[in-house]
Amino acid sequence: MSDEKWTVTFIIHRQKGPDSQPHFDEFTIEIHPEEFVLDGVEYIWAYKDRSLVFRHACHHTTCGACGMRVNGVEKLACMTKIADVTQDGGKIKLEPLRNFPIVGDLVVDLGPLYRKMHEVHAPEVIPLCASPWEGEGIKPPQETPKREDGEEYIRLPDCIECGLCVSACPTAASDAEYLGPAVLAAIHIQGIDENPDLLALADSREGVWRCHSAYECSAVCPSNVDPAWRIMDLRKQIIARRLKFKK
Amino acid sequence: MSKPHAIVIGAGFTGVAIAHDLALRGFEVTVVERGPIANGTSGRTHGLLHSGGRYAVKDQESAIECIEENTILRKIVPDVIEPNGGMFVAVEESDLEYREEFIAGCEACHIPIEEITPQEALRLEPHLNPKVITAFLVPDGTFDPLRLALAFAATAKSNGAVFHLFTDVVGMVLDGNGNVLGVKVWDRANDERYEIRGDIVVNATGAWVGQITKMAHGHVPITPTPGVMVAYGHRFVQRAINRLVRPSDGDIVLPQRRMAVVGTTSFSVDDVDYIPIIRDQVQMMLERGTKLIPELGTAKVRGIYMATRPLIGSSGPGRSISRTFKAYDHKDLDNIDGLVTITGGKATTCRAMAEKTVDIVCEKLGISAPCTTKEVPLISYRRFYVD
Ligand SMILES: Cc1cc2nc3c(=O)[nH]c(=O)nc-3n(C[C@H](O)[C@H](O)[C@H](O)COP(=O)(O)OP(=O)(O)OC[C@H]3O[C@@H](n4cnc5c(N)ncnc54)[C@H](O)[C@@H]3O)c2cc1C
Ligand code: SF4
């Protein structure tokens, strides 16, 4: 791998406090094309402007903290390579996620998402058999390995509560009460047959019928949740139930 | 009498665990953190809930702490942990030289292990190197770093702790004798500066403790020693896989959500705010990781990251310094009252570190309140955002 660095200009959304006027600041730095956008942001904070605020924790896509818009598209900054979003001498524009209250600069308050996930009691850990395999859509696998004692393996679920799907969703943009892709996906994973409270929520005014089928959520989701398909599947399940009960 | 007021600097594992313990022991608690929760070393760990097996030969004090705290965390915060155990595997004849020492060390530290056949190891973990010679099951686990920290923070908050995030401590409020009365802070999200006064300031800034003690004209002996980790986009294993060797570079592969994470290395640096990725070390992770899981290289890299251990001691190579933590009362260290520094340790032992630190704080302030964090379950991490 070459050690050659690129010269890249970061154009960063700045705003101190929710009520002040936003503007953009430009920072030109030398950075390796194989580094990630988040590394660039941390470098700018460390050496160019200590007042910059941004969210991050794990730097490897398990925590969901570093969601932002990179050149207009929702991304986790930790897994977005410089080489994939610009070229030597090029620019990278960074903005906070949409559809969340702004805290400052690149930081939004993900509270509304976490609160809704709490309301639908989205499981914090799930058995391995409930997580679909890679490339196999939203259906749980036929067979999974078991522990030495015959018990199911337990794992952290796919959804990392990053909010990218909410930011990309046109419905969430016009309706703050809409449950939104991640929350509806969490309902789908738990099952509406087993959870009458979740059925009621999914079938409510702010539930699956509000979705405009833009599929933007699934396009930006970095973690294989595929919320759009789950919303469509929930609709099918709800209609099937209605037909069954009519008979 | 009003509650004693403690100011905690830093919201990594150490800071949030201290905030939780202080709140339970009846303190008014203010946490000041310059970024979001767990943005420093804590966010950027492997996420290995150590069984202690890794330290059972060379650092038994750490190993014993790990197995005790591993058991406690599984009980008080199960919802951020993949409790699937771990394995130590020998993949080369020379690894077997460590086998006897490992068995004896685990026994001495009361770490339950079970030796299994290569066939059984491969049945449990089909992606393991088929050359595996022997394997031991150990009670390791994996955790989500942000959510582990959030669970402590959420519980502290529900007991009254107040968090000032994106707020740097930029100076100390001192009395005429150089004792600490509080902190001067800069809220960077709103660009506001103010002072917070308290009865005690607890410096839990990990690899940055030296910067804070300097503000109080004190000192503390630590060596920042970073290491690299690489996350691959496929869950090749269901439990933490450790190489059966003395702790060395690139000898752990562990699962997390849909990934496999390999780590780590150990070297010294001066500036810890930004640590560039060292390409040779990334290559080494792949080479070493492949010895455990040959297919590793077939998966896409999802992340590469560096984190800095705050190891105790001021010189020498990283790995030989004890991993155990130390809490310092600066009254004893530099004749400065009002400031306690805690550093070292690991994620797995953060509750124990907090217990020891808050014991010191209580003793200093003449408060008798027993620690109850071993028994009190943490509330859901999501509740950091509820209320
Ligand atoms: C490479 C590596 C891998 C590791 N893997 C594991 C593992 O798998 N399992 C395990 O148990 N342990 C592991 N550890 C150890 C563990 O991660 C650390 O011991 C632990 O995270 C330290 O936590 P801390 O809270 O003390 O420090 P930090 O998490 O670094 O917290 C310090 C906080 O202080 C804040 N701060 C700094 N200066 C200021 C200021 N002026 N004002 C306000 N706030 C400030 C920082 O922003 C930061 O959030 C690993 C360590 C490393 C380096
Ligand atoms: S569904 Fe995907 S995009 Fe939405 S919060 Fe979960 S992980 Fe993020």
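The values are calculated or read from the model by the stated rules, or taken from the named source; none is laboratory data. Please read all numbers here as calculations on a predicted model, not as lab measurements. When we count neighbours, we look across all protein chains shown, and the Cβ atoms used for this are built from the backbone with ideal geometry, even at glycine. Remember, those area values only see protein heavy atoms, side chains included, never the ligands or the DNA or RNA. Shrake-Rupley method; radii C 1.70, N 1.55, O 1.52, S 1.80 Å.
Output yes when any residue across segment B:272-289 is at negative phi, part of a loop (DSSP other than H, G, I, E, B), away from chain A (no Cβ under 11 Å) and touching an Asp or Glu at 6+ places or on another chain (Cβ under 8 Å), and no when none is. No, segment B:272-289 has no match at all.
Taking the residues in segment A:73-92 that are in a helix (DSSP H, G or I) and more than 9 Å from chain B (Cβ to nearest Cβ) as candidates, determine which candidate is most open to solvent (accessible area, probe 1.4 Å).
It comes out as A:Asp84.
Checked against (1) touching a residue at least 24 places away in the same chain (Cβ under 8 Å); (2) open to solvent by 30 Å² or more (accessible area, probe 1.4 Å); (3) within 12 Å of chain A (Cβ to nearest Cβ), B:Glu192 passes all but a single condition, namely (1). Within segment A:89-139, the set of residues being in the same structural domain as A:His188 (by TED's automatic domain parsing), touching a residue at least 12 places away in the same chain (Cβ under 8 Å) and basic (Lys, Arg) comprises A:Lys116 only. Note on segment B:347-387: residues that are open to solvent by less than 30 Å² (accessible area, probe 1.4 Å), of a type outside the set (A, V, I, L, M, F, W, C) and either modelled with pLDDT under 95 or closer than 30 Å to B:Gln60 by Cβ (or both) amount to 5. Listed by position, the strands (runs of 3 or more DSSP E) inside segment B:146-247 whose residues that are away from ligand 2 (no atom under 16 Å from the Cβ) and of a type in the set (D, E, K, R) number at least 1 are B:167-174, B:180-187, B:192-197, B:240-243.
Of the residues that make up segment B:230-241, is at least one of a type in the set (Ser, Thr, Tyr), crowded, with 21+ Cβ neighbours inside 10 Å and within 30 Å of B:Leu286 (Cα to Cα)? Yes, some residue in segment B:230-241 is of a type in the set (Ser, Thr, Tyr), crowded, with 21+ Cβ neighbours inside 10 Å and within 30 Å of B:Leu286 (Cα to Cα). Any residue at all in segment A:164-176 that is within 13 Å of ligand 2 (Cβ to nearest atom), in the same structural domain as A:Arg210 (by TED's automatic domain parsing) and open to solvent by less than 10 Å² (accessible area, probe 1.4 Å)? So far as segment A:164-176 goes, yes, one or more of its residues are within 13 Å of ligand 2 (Cβ to nearest atom), in the same structural domain as A:Arg210 (by TED's automatic domain parsing) and open to solvent by less than 10 Å² (accessible area, probe 1.4 Å). With the condition kept exactly as written, say whether any residue in segment A:59-66 is assigned by TED's automatic domain parsing to the domain that holds A:Lys91, within 16 Å of ligand 1 (Cβ to nearest atom) and hydroxyl-bearing (Ser, Thr, Tyr). Looking through segment A:59-66, at least one residue is assigned by TED's automatic domain parsing to the domain that holds A:Lys91, within 16 Å of ligand 1 (Cβ to nearest atom) and hydroxyl-bearing (Ser, Thr, Tyr). Right, B:Val162: among the aliphatic types (A, V, I, L, M), crowded, with 23+ Cβ neighbours inside 10 Å, in the same structural domain as B:Ile18 (by TED's automatic domain parsing) and within 28 Å of B:Met353 (Cβ to Cβ) or not? Against the criterion (among the aliphatic types (A, V, I, L, M), crowded, with 23+ Cβ neighbours inside 10 Å, in the same structural domain as B:Ile18 (by TED's automatic domain parsing) and within 28 Å of B:Met353 (Cβ to Cβ)), B:Val162 does not qualify. Filtering segment B:165-213 to residues that are within 21 Å of B:Thr357 (Cβ to Cβ), more than 15 Å from ligand 1 (Cβ to nearest atom) and not aliphatic (A, V, I, L, M) leaves B:Asn179, B:Arg197, B:Asp199. Just one residue in the set A:Val41, A:Val70, A:Val37 is outside the structural domain of A:Asn224 (by TED's automatic domain parsing), touching a residue at least 60 places away in the same chain (Cβ under 8 Å) and open to solvent by less than 40 Å² (accessible area, probe 1.4 Å); that residue is A:Val41. Of all residues in segment A:200-217, at least one satisfies being more than 16 Å from ligand 2 (Cβ to nearest atom), touching a residue at least 40 places away in the same chain (Cβ under 8 Å) and either hydrophobic (A, V, I, L, M, F, W, C) or surrounded by 18 or more Cβ atoms within 10 Å (Cβ to Cβ) (or both). Restricting attention to segment B:330-343, does a residue exist that is touching a Cys at 6+ places or on another chain (Cβ under 9 Å), open to solvent by less than 40 Å² (accessible area, probe 1.4 Å) and in the same structural domain as B:Val376 (by TED's automatic domain parsing)? No, every residue in segment B:330-343 fails to be touching a Cys at 6+ places or on another chain (Cβ under 9 Å), open to solvent by less than 40 Å² (accessible area, probe 1.4 Å) and in the same structural domain as B:Val376 (by TED's automatic domain parsing). When segment B:241-273 is limited to residues that are touching a helix residue (DSSP H, G or I) at 6+ places or on another chain (Cβ under 7 Å) and basic (Lys, Arg), the one that is nearest to B:Pro139 (Cα to Cα) turns out to be B:Arg243. For B:Phe325, the criteria (1) open to solvent by less than 30 Å² (accessible area, probe 1.4 Å); (2) modelled with pLDDT of 85 or more hold in every case but one, which is (2).
Look at segment B:131-147: where a residue is among the aromatic types (Phe, Trp, Tyr) and a partner is in a loop (DSSP other than H, G, I, E, B), sitting 6+ places away or on another chain with Cβ atoms under 9 Å, you get B:Phe136/B:Ile113; B:Phe136/B:Leu244; B:Phe143/A:Leu156; B:Phe143/B:Thr45; B:Phe143/B:Gly47; B:Phe143/B:Val77. The set of residues in segment A:93-124 that are within 11 Å of chain B (Cβ to nearest Cβ), at negative phi and open to solvent by 30 Å² or more (accessible area, probe 1.4 Å) comprises A:Ile102, A:Val103, A:Asp109, A:Pro112, A:Arg115, A:Lys116, A:His118, A:Glu119, A:Pro123, A:Glu124.
Looking at segment A:218-247, I want the residues that are in the same structural domain as A:Cys169 (by TED's automatic domain parsing) and have a partner that is of a type in the set (Phe, Trp, Tyr) with Cβ atoms under 9 Å, at least 6 apart or on another chain. Which pairs are those? Once the first residue is in the same structural domain as A:Cys169 (by TED's automatic domain parsing) and sits in segment A:218-247, its partners that are of a type in the set (Phe, Trp, Tyr) give A:Ser218/A:Trp229; A:Ala228/A:Tyr215; A:Trp229/A:Tyr215; A:Arg235/A:Trp209; A:Ile238/A:Trp209.
Residues that are without any contact (Cβ under 8 Å) to a residue 40 or more places away in the chain and within 16 Å of ligand 2 (Cβ to nearest atom) do not occur anywhere in segment A:179-198. Applying the set (1) out of contact with any Gly (no Cβ under 6 Å at 6 or more places or on another chain); (2) surrounded by fewer than 24 Cβ atoms within 10 Å (Cβ to Cβ); (3) at pLDDT 95 or above; (4) not small (Gly, Ala, Ser) to B:Pro83 leaves exactly one unmet item: (1).
For segment A:12-30, name all the residues that are part of a strand (DSSP E or B) and open to solvent by 30 Å² or more (accessible area, probe 1.4 Å). Passing the criteria: A:His23, A:Phe24, A:Asp25, A:Glu26, A:Thr28, A:Glu30.
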